[in-house]
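Let me begin by presenting the structure, written as structure tokens, before commenting on it.
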Ligand SMILES: CC(C)(COP(=O)(O)OP(=O)(O)OC[C@H]1O[C@@H](n2cnc3c(N)ncnc32)[C@H](O)[C@@H]1OP(=O)(O)O)[C@@H](O)C(=O)NCCC(=O)NCCS
């Protein structure tokens, strides 16, 4: 193990948000630069518009989970942070980063221990890991099972888009329905996280007597979270999202585990291609299905 840096680990505050946003953007970008494949587009740092979304999500976590949000300080400067939430009996790690110049010196280990203490009463744990070998080492040593994540990407073949009926726009009035789909798939509801997701994404909902599903959809048509009680309804909301992508423009669906071949099959039918990146890290549970998790809200 490398020499330990003397870092002060303390609860994160609202005034740390900007520094933490910059650290996560820089360290995630550095990982992307190290791990992206040649056939993929060159990685770009998180744009300022998405930095705002990151700060809004994290501000909510500071309110709902003050005990799950920690920063590390060296000589009075914030050099890292870990943001985690507890939803029902699930611990969720949303963000975890140390500034590149301070990595590999034990700061991350201390941050992760503080965040995991917040989840000590939980039965389950769930988060998305980057492909960073240091992060993956920490997660496996902390006892998590690593499930490789695939993603599908490409321009959606318009002629492949099926007619899907009974998919409608969702709203805050659907949160009880969304929470019950979450419990059936993920084993824990998102609760107030739905309010944050509703602010940042379009929500679509499918309700049929045979099952129900929902998806949060980014501006470019990418479904960033899909959950359903049946593969059929989950596939239909994924199609509805992809159909909203701009013709001729590439779109990606991230975080597909092997337990969710229905999502691969939708992507393949849309003539998108399959790649692999990072892991879904789990404790006390099997990979959720039919389910495509969000990167930080899971
Ligand atoms: C993940 C991260 C937060 C860990 O913070 P850190 O301060 O570097 O963590 P630590 O020094 O406590 O531990 C890192 C471990 O990975 C090891 N490591 C570092 N680079 C490695 C590599 N290329 N291959 C294998 N192990 C590596 C270190 O030796 C250390 O293990 P050890 O303590 O058993 O020797 C930090 O590296 C980071 O910000 N990474 C980039 C962002 C990221 O991917 N975050 C996770 C998002 S899910």
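Calculate, in nm to one decimal, what residue 199 and residue 109 gain on full extension: separation in residues at 0.36 nm each, minus their alpha carbon distance.
In short, 29.1 nm is gained.
Indicate, rounded to the nearest 5 percent, the antiparallel portion of the DSSP beta bridges found entirely in the chain.
Looking only at bridges with both residues in the chain, the antiparallel portion is about 95 percent.
Going by alpha carbons, how many degrees (0 to 90, nearest 10) lie between the helix axis of 175-185 and the longest principal axis of the chain?
Here the helix axis deviates by roughly 80 degrees.
Given the DSSP H assignment, sum -39500 (n - 2.57) over each helix run of at least 4 residues in the chain and divide by its residue total; what's the result at 222 nm in deg cm²/dmol, nearest 500?
-10500 deg cm²/dmol, from helical runs alone.
Label points 7 Å out from Cα along the Cβ direction at residue 6 and residue 89: separation in nm?
4.4
Neighbouring Cβ atoms within 10 Å as the yardstick, rank 289, 250 fewest first.
The fewest-first ordering by Cβ neighbours comes to 250, 289.
Among 238, 55, 126, what is the fewest-to-most ranking by other Cβ atoms within 10 Å?
The most exposed by this proxy come first: 55, 126, 238.
Simple spin-label model, 7 Å along Cα-to-Cβ: residue 137 to residue 268 in nm?
With each label placed 7 Å out from Cα toward Cβ, I get 3.7 nm.
So what's the angle, to the nearest 10 degrees on a 0 to 90 scale, between helix 107-118 and the longest Cα principal axis of the chain?
Roughly 60 degrees, rounded to the nearest 10.
If R0 is 35 Å, what FRET efficiency do you get for residue 171 and residue 14 from their C-beta distance, rounded to 0.05?
Between residue 171 and residue 14 the formula returns 0.80.
Cα axis of helix 231-243 to longest principal axis of the chain: angle in degrees, 0 to 90, nearest 10?
Once rounded, one gets 90 degrees.
Could you give the alpha-carbon Rg of the chain over 2.2 N^0.38 Å, rounded to two decimals?
Computed over Cα atoms of the chain, the ratio equals 0.98.
What translational diffusion coefficient, in µm²/s and rounded to a whole number, does the Stokes-Einstein relation yield for the range 97-204 at 10 °C and a viscosity of 1.306 mPa s, taking the hydrodynamic radius as the Kirkwood radius over Cα pairs?
For the chosen part, D equals 89 µm²/s.
Taking the radius of gyration and the Kirkwood hydrodynamic radius from Cα positions alone, what is the Rg/Rh ratio for the range 89-146, to two decimal places?
Using only Cα positions, Rg/Rh for the range 89-146 is 0.95.
Using only the alpha carbons of the range 152-292, what is the convex hull's orientation-averaged projected area in square nanometres?
Average of the hull's projected areas for the range 152-292 equals 8.0 nm².
Which whole-number value in Å³ per residue fits the convex hull of the alpha carbons of the range 8-122?
113
Readers should treat all values here as calculations from the given coordinates under stated rules, not as data from a laboratory. Owing to the predicted nature of the structure, the values given are computational and were not obtained by experimental measurement. Methodologically, a virtual Cβ is constructed for each residue, glycine included, from the backbone with ideal geometry; neighbour enumeration extends over all protein chains shown.
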